[in-house]
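Input: a single structure, listed below in structure tokens.
The values are calculated or read from the model by the stated rules, or taken from the named source; none is laboratory data. Just so it is clear, the structure is predicted and the values come from calculations on it, not from any experiment. As a convention, Cβ positions derive from the backbone with ideal geometry for all residues, glycine included, and neighbour counts pool all protein chains shown. These accessible areas exclude ligands, DNA and RNA; they are computed on the full protein's heavy atoms, side chains included. Shrake-Rupley method; radii C 1.70, N 1.55, O 1.52, S 1.80 Å.
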Amino acid sequence: MNAALSRFVGFAFASADLLIEIAPDGRIAFAAGAAEALSGSPDAQLVGRPWSDFIDDYDRAMAEALFRGLKDGLRGGPVVVRLAGDAGQAERAAALSVFRLPQNEGAISCALTRAAPPPRTAALGLHSKDSFEQVTATLFESAKTTGLELELALVELSGLTSVRGGQGDMDQELAGLLRAHSHGGSAAAELGEDRFALVRPRGESPDGLARRLLRMLGVAEDTVTPAGQAMSLTGEASPNQVIRAIRYAVDSFIADGLDAAVPASLSQAVTDSVRRTAMEVGALGQALADKQFRLVYQPVVNLKAGGAVHHHEVLVRFGQDESPFPMIRMAEELDLIESLDLAVAEQSIAKLVATPGLKLAVNMSGRTAQSGSFVAKVALMIAGSPAVRGRLLFELTESAAITDMPMAQANLQLLREEGCKICLDDFGAGAASLAYVQQLPLDFVKIDGRYIKELQHGGRETTFIRHLVRMCAELGVGTVAEMVETKPAEQAVRQAGVDLAQGYLYGAPSDEPARIEARAPAIRPGLKRAG
Ligand code: C2E
Ligand code: MG
Ligand code: MG
């Protein structure tokens, strides 16, 4: 090697463990360095093989996008790629930077440095909303120390979904493209129809990025409209503010696309999100204080007592008839759910006092279940109206996860000691359902409506429900089926051994409870009865 050449080789290895050149035909033309340690094959064996053999399936579309987007004199990456290896081997990964030197006639120079493989995600290497927000927050923090100028780029390709029409190849190509443009190759997300987000170094305008993505997908601009905006990840904020601000920007984008004003910087997003939260807390808090909601009642029948009404579920309504679910989620986010649940419990108890024979089920958020003050206040109300003892049931919803299990266990047990029954709502809808059944003191489990709706089509739901009923019987827990809309659905849940049922078949939620069976036989969960 002549002296000039050795000098450049020295420079190259100063920042890389392995150097590879990819010829225009896609084959590896040259390899030098720690090939064995990185790829498991010595450098001589890499030469002549297609580059795609060298990179794991999972990251191939991203590497492909990185190579395709490269122009003479330009650099790409670094992105972290997993290297192909034998099954059973520990995963090996490297940060890959690429460069196309004009004099090299289209060959691509690659420098690889050993790196830790980032966690795999479910959707072709793209993040879900939640994990993307976390990754963005982490990158914001690390950029403060590295000095990297990063931005959150929001990209809308309106009309893409209809053009794509669920073509698997196109999905993979798009995911690869988004990742190749994101910081480190693993900071991109699909946020709903035609909406994408990525964290990337500041530079090219976000509109330019959107247009380039479209071009690389081979889609014409007259069928799909590309647009982009960016929020710079700069400013001072506490970790809590950072995640809220990022969520604010992402949520606004998901809800309103780029019509929503995208904050220019993270500091701006902090200000905007605080302002919005204050308004929302104010409005919702006021609505609760003024009791601007009403209650509706839906019958739950006893399948094992000829369909007699067993109790009614209380559902809250803020407007006319629309679902309260968005408000419930907001109340959970804003820490107002306990006040709501308490207000509903209070009014339900008043209803019980006014209506002898009535039994009510009140929904309670997982968050509320972890609050000692809720239970104490309910106990006081029951003590003040002893006639309601034994007529109140709480449905624990799973929309907010339980993080303090011992606290929830103790609270639910206290409610039972006050004569209340506990039902786990929406069983099977959340990831934690099984753990909850094992760990919480329960009297009933309500099987999530989606399984019941699927029932009519036969299939695996029937088996699932039958097993669930058997498990609950062993634990001494009763079962409820919700969203029973048709006779065949009723027939199916009855055959599976479910105790109680609720749904439009028996009655929609209404302003007054349906007829009340004052002396319906008590059901004893889990015990087989004749008839
Ligand atoms: P959930 O407790 O699982 O309530 C059942 C939901 O299914 C209700 O929707 C009800 O109107 C609806 N539904 C009942 N029968 C049928 C049917 O046959 N078919 C179909 N398609 N739907 C049926 P709603 O009232 O919109 O409530 C949505 C969720 O909001 C509730 O789900 C519950 O998680 C929450 N929620 C409602 N009221 C309260 C409350 O006071 N406190 C809390 N924490 N959550 C509440
Ligand atoms: Mg419920
Ligand atoms: Mg439910």
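Using only alpha carbon pairs under 8 Å that are at least six residues apart, calculate the relative contact order of the chain and give it in whole percent. Could the numbers behind the result be given before it?
Working: 968 pairs, mean separation 49.4, N = 531.
It rounds to 9 percent for the chain.
Please report the net charge: other residues with Cβ closer than 14 Å to the Cβ of L440, K and R +1, D and E -1. Don't jump to the answer; show the numbers that get you there.
On the way: positive: R416, K421, K446; negative: E395, E398, D404, D425, D426, D443.
So the environment of L440 carries a net charge of -3.
How much length is gained on full extension from S162 to D72, taking 0.36 nm per residue of separation minus their Cα-Cα distance?
Numbers: separation 90, 0.36 × 90 = 32.40 nm, distance 3.43 nm.
Answer, rounded to one decimal: 29.0 nm.
With a cut-off of at most 13 other beta carbons within 10 Å, and DSSP calling the residue loop, which GluC sites (Glu not before Pro) in segment 284-388 qualify? Please list them.
Values: sites: E313, E322, E332, E333, E338, E346; in loops: E322.
Loop-located and lightly packed - E322.
Relative to the compact-globule scaling 2.2 N^0.38 Å, provide the ratio for the alpha-carbon radius of gyration of the chain.
Working: Rg = 29.5 Å, N = 531, 2.2 N^0.38 = 23.9 Å.
Rg over 2.2 N^0.38 Å, computed on Cα atoms: 1.24.
Please state the relative contact order of segment 3-115 as a whole percent: Cα pairs under 8 Å, 6+ residues apart? The partial results should precede the final answer.
Numbers: 212 pairs, mean separation 30.6, N = 113.
Computed over segment 3-115, the figure is 27 percent.
If you average the alpha carbon positions of segment 49-78 and of segment 193-211, how far apart do those two centres end up, in angstrom?
19 Å
To the nearest 0.05, what FRET efficiency results for E236 and A123 with a Förster distance of 30 Å applied to their C-beta separation?
Values: r = 33 Å, r/R0 = 1.10.
It comes to 0.35.
Would you kindly work out the equivalent ellipsoid of segment 291-502 from its C-alpha gyration tensor and give its semi-axes, the square roots of five times the eigenvalues, largest first in whole Å? Display every interim value, and only then the final one.
Details: eigenvalues 139, 72, 63 Å².
Value: 26, 19, 18 Å, ordered largest first.
Over segment 3-115, with a single point scatterer placed on each C-alpha, what log10 of the ratio I(q)/I(0) does the Debye formula yield at q = 0.13 1/Å?
Calculated log10 I(q)/I(0) at the listed q: -0.44.
Calculate, for R416 and E512, the FRET efficiency according to 1/(1 + (r/R0)^6) with r their C-beta to C-beta distance and R0 22 Å; round to the nearest 0.05.
Values: r = 29 Å, r/R0 = 1.30.
In this case the efficiency is close to 0.15.
Please identify which residues in segment 479-502 have an amide N closer than 11 Å to a label point set 7 Å out from the Cα of R466, following the Cα→Cβ vector.
It comes to 495-497, nothing else.
Highest mean first, how do 155-161, 289-295, 204-210, 2-8 rank when packing is the count of other Cβ atoms within 10 Å averaged over residues?
On the way: 155-161: 20.4, 289-295: 12.6, 204-210: 17.6, 2-8: 8.6.
Highest-to-lowest ranking by the protection proxy: 155-161, 204-210, 289-295, 2-8.
Give the total of Lys-Lys pairs in segment 291-502 with Cα-Cα distances below 14 Å; include a pair only if its members are 8 or more places apart or on different chains. Provide the component values of the computation, followed by the final result.
Numbers: K351/K359; K359/K421; K421/K446; K453/K487.
Here the count comes out as 4.
Return the long-range amide H neighbours of A93 (sequence gap of 5 or more, or a different chain), with a cut-off of under 5 Å between placed amide H atoms.
L83, A115
Just add up the charged neighbours of L360: K/R +1, D/E -1, any other residue whose Cβ is under 9 Å from the Cβ of L360. Numbers along the way, then the final one.
Values: positive: K351, K359, R391; negative: E313.
Charge balance in the 9 Å sphere: +2.
Provide the net charge surrounding L284, with neighbours chosen by a C-beta distance below 13 Å and charges set as Lys +1, Arg +1, Asp -1, Glu -1.
On the way: positive: R276, K291, R329; negative: E280, D290, E332, E333, D335, E338.
For residues surrounding L284, the net value is -3.
I want to check the label-to-label distance for A435 and S15. Put each point 7 Å from Cα in the C-beta direction and report it in nm to one decimal.
4.3 nm
Would you please put 93-99, 177-183 in order of how densely packed they are, using the mean number of other Cβ atoms within 10 angstrom per residue and starting with the highest? Could you put the intermediate results ahead of the total?
Working: 93-99: 21.0, 177-183: 26.3.
Output ranking for 93-99, 177-183: 177-183, 93-99.
On full extension of the chain, what length is gained from M279 through K144, given 0.36 nm per residue of separation minus the C-alpha to C-alpha distance?
Details: separation 135, 0.36 × 135 = 48.60 nm, distance 3.07 nm.
Roughly 45.5 nm would be gained on extension.
Calculate the spin-label point distance for R212 paired with L475, positioning each point 7 Å from the Cα along the beta-carbon direction, and give it in nanometres.
So the two model labels end up 5.3 nm from each other.
Express as a percent, rounded to the nearest 5, the fraction of DSSP beta bridges in the chain (both residues included) that run antiparallel.
Numbers: 58 of 83 bridges.
For the chain, the DSSP antiparallel bridge percentage is about 70.
How far apart, in nanometres, would the label points at A44 and K291 be if each is projected 7 angstrom from Cα along the Cα-to-Cβ direction?
8.8 nm
On full extension of the chain, what length is gained from V353 through A264, given 0.36 nm per residue of separation minus the C-alpha to C-alpha distance?
Numbers: separation 89, 0.36 × 89 = 32.04 nm, distance 5.52 nm.
Working it through step by step, the gained length comes to 26.5 nm.
Any chance you could look up the accessible area of V388 with a 1.4 Å probe, heavy atoms only, rounded to 10 Å²?
0 Å²
Tell me, what is the percent relative contact order of segment 129-278, built from C-alpha pairs under 8 Å that lie six or more residues apart? Write down the numbers at each step before the final one.
Values: 230 pairs, mean separation 43.3, N = 150.
Computed value for segment 129-278: 29 percent relative contact order.
For segment 24-112, which GluC sites (Glu not before Pro) are both in a DSSP coil and crowded by at most 14 other Cβ atoms within 10 Å? If you can, show how the numbers build up before the last one.
Values: sites: E36, E64, E91, E105; in loops: E91, E105.
Qualifying residues, ordered by number: E91, E105.
Grab every C-alpha pair in segment 129-278, bin the distances at 5 angstrom width from 0 up to the longest one, and report whole percents.
Answer for segment 129-278: a P(r) of 2, 10, 21, 23, 20, 13, 7, 4, 1 percent.
What does the highest-first list of 130-142, 243-255 look like by mean Cβ count within 10 Å?
Order by mean packing, descending: 243-255, 130-142.
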